[in-house]
1. Which residues, taken from the range 1-32, are among the aromatic types (Phe, Trp, Tyr) and either part of a loop (DSSP other than H, G, I, E, B) or free of Cβ contacts under 8 Å to residues at least 40 places away in the same chain (or both)?
2. In the list Glu35, Glu55, which residue meets the criterion of being in a helix (DSSP H, G or I), over 13 Å from the mean Cα position of the chain (by Cα), in contact (Cβ under 8 Å) with a residue 12 or more places away in the chain and more than 20 Å from Met1 (Cα to Cα)?
3. What do you reckon, is His60 over 12 Å from the mean Cα position of the chain (by Cα), at pLDDT 95 or above and not polar (S, T, N, Q)?
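The values are calculated or read from the model by the stated rules, or taken from the named source; none is laboratory data. As the structure is a computational prediction, the values presented were derived from the model and not from experiment. Here the Cβ positions follow ideal geometry from the backbone for every residue, glycine too, while neighbour counts run over all protein chains shown.
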Amino acid sequence: MRITYAVDETTGLVISRVGSTLAWPILDYGAMTPENGFTPSYHLETIPVLDAACEWPHLHWTRKIPMAVKNTHRQFWGMPALRP
């Protein structure tokens, strides 16, 4: 299984792809509370590549992703974490 990463140039969010499926960050509005200063929180959901066709021009595919973010995506896909 091979994972590739992209950065959405409009939002700065990291998307990962395995095969024909994307892991896309979804904003969790319920986790944004006055207690945490309405800090945005995201969780990953899978979507088919074709469902993101209109977003494709805004995605910059790269390997230069912070290791912590890579490991979050790897854990989501059931892969072992990378070591520093």
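1. Within the range 1-32, the first condition is being among the aromatic types (Phe, Trp, Tyr), and the residues that meet it are 5, 24, 29.
Of everything in the range 1-32, those that are among the aromatic types (Phe, Trp, Tyr) and either part of a loop (DSSP other than H, G, I, E, B) or free of Cβ contacts under 8 Å to residues at least 40 places away in the same chain (or both) turn out to be Trp24, Tyr29.
2. Working: Glu35 fails: in contact (Cβ under 8 Å) with a residue 12 or more places away in the chain.
Within the list Glu35, Glu55, the selection yields Glu55.
3. On the way: over 12 Å from the mean Cα position of the chain (by Cα): yes; at pLDDT 95 or above: yes; not polar (S, T, N, Q): yes.
Yes, satisfied.
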